[in-house]
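In what follows, a single structure is set out as structure tokens and then discussed.
The values are calculated or read from the model by the stated rules, or taken from the named source; none is laboratory data. All values derive from a computational prediction rather than experimental measurement. Methodologically, a virtual Cβ is constructed for each residue, glycine included, from the backbone with ideal geometry; neighbour enumeration extends over all protein chains shown.
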Amino acid sequence: MKLYNPLLKSSGIHMVGSPRFIAKSTRFDDFDLITLGDRIVISSNVIFLTHYYSFTTGLIAINEKPETDIGILGPIRIGNNVFVGLNSILLPGTSIGDNVIVGAGSVVRGTIESNSVVSGNPAIKLADIVIHTEKLKRKDYLKRIDKK
């Protein structure tokens, strides 16, 4: 991360603090539309998609074909202390608050409030992070891994 974070910053990604981990297989779309908070973890194969061209398809469907494809851009903002699980997709205009867990394979759009656990396609709130964490602490089958 000591080398990767400066590389991402020099590419145009806005960083607030220091990410704990960003997998090298993470795919970023338009770097300057992405803001990453402090202490985030981005798992493997996560996609930050800041554009889409489906608007053109819709216009053609209603007989309003544009002269050229029309792209729509939207920023993506990730708050502090956020975990984004494996193979998730973050769509244009997504804003994730602080202290959020995004389950693996989720498709996230819109605003995810702070202190949430979300998952699914589309991602929906499953739990409050405090309640979720307290339940996990009580499970005897969990093996704790301390990383320093």
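Here are a few things to note about the model shown:
- Exactly one residue out of Ser95, Ser88, Ser44, Ser114 is within 25 Å of Leu8 (Cβ to Cβ), more than 13 Å from the chain's Cα centre (by Cα) and among the polar types (S, T, N, Q), and it is Ser114.
Conditions (1) in contact (Cβ under 8 Å) with a residue 12 or more places away in the chain; (2) over 25 Å from Pro6 (Cβ atoms); (3) surrounded by fewer than 21 Cβ atoms within 10 Å (Cβ to Cβ); (4) among the β-branched types (Val, Ile, Thr), marked per residue:
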{"residue": "Ile34", "(1), (2), (3), (4)": "yes, no, no, yes"}
{"residue": "Arg39", "(1), (2), (3), (4)": "yes, no, yes, no"}
{"residue": "Pro66", "(1), (2), (3), (4)": "no, yes, yes, no"}
{"residue": "Gly74", "(1), (2), (3), (4)": "yes, yes, yes, no"}
{"residue": "Asn81", "(1), (2), (3), (4)": "yes, no, yes, no"}
{"residue": "Gly110", "(1), (2), (3), (4)": "yes, yes, yes, no"}
{"residue": "Gly120", "(1), (2), (3), (4)": "yes, yes, yes, no"}
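- Residues of region 97-111 satisfying the condition of being out of contact with any Asp or Glu (no Cβ under 9 Å at 6 or more places or on another chain) and either in a strand (DSSP E or B) or of a type in the set (Gly, Ala, Ser) (or both): Ile101, Val102, Gly103, Ala104, Gly105, Ser106, Val107, Val108, Gly110, Thr111
- Scanning region 12-66 for residues that are modelled with pLDDT of 95 or more, of a type in the set (Val, Ile, Thr) and under 23 Å from Val100 (Cα atoms) returns Ile22, Thr26, Ile34, Thr35, Ile40, Val41, Ile42, Val46, Ile47, Thr50.
- Any hit, region 127-136, residues being surrounded by 13 or more Cβ atoms within 10 Å (Cβ to Cβ) and closer than 26 Å to Asp30 by Cα: no
- Residue within region 88-107 that is surrounded by fewer than 18 Cβ atoms within 10 Å (Cβ to Cβ), among the polar types (S, T, N, Q) and closer than 23 Å to Phe21 by Cβ present: no
- Among the conditions (1) over 16 Å from the mean Cα position of the chain (by Cα); (2) under 20 Å from Ser114 (Cβ atoms), Leu7 misses just one, which is (2).
- Yes/no for Phe55 being of a type in the set (Phe, Trp, Tyr), touching a helix residue (DSSP H, G or I) at 6+ places or on another chain (Cβ under 9 Å) and touching a residue at least 12 places away in the same chain (Cβ under 8 Å): no
- Selection from region 9-30 of residues that are surrounded by 13 or more Cβ atoms within 10 Å (Cβ to Cβ), out of contact with any strand residue (DSSP E or B) (no Cβ under 9 Å at 6 or more places or on another chain) and over 13 Å from Asn45 (Cα atoms): Ser18
- Exactly one residue among Asp38, Asp69, Asp30 is among the acidic types (Asp, Glu) and within 24 Å of Lys125 (Cβ to Cβ), and that residue is Asp38.
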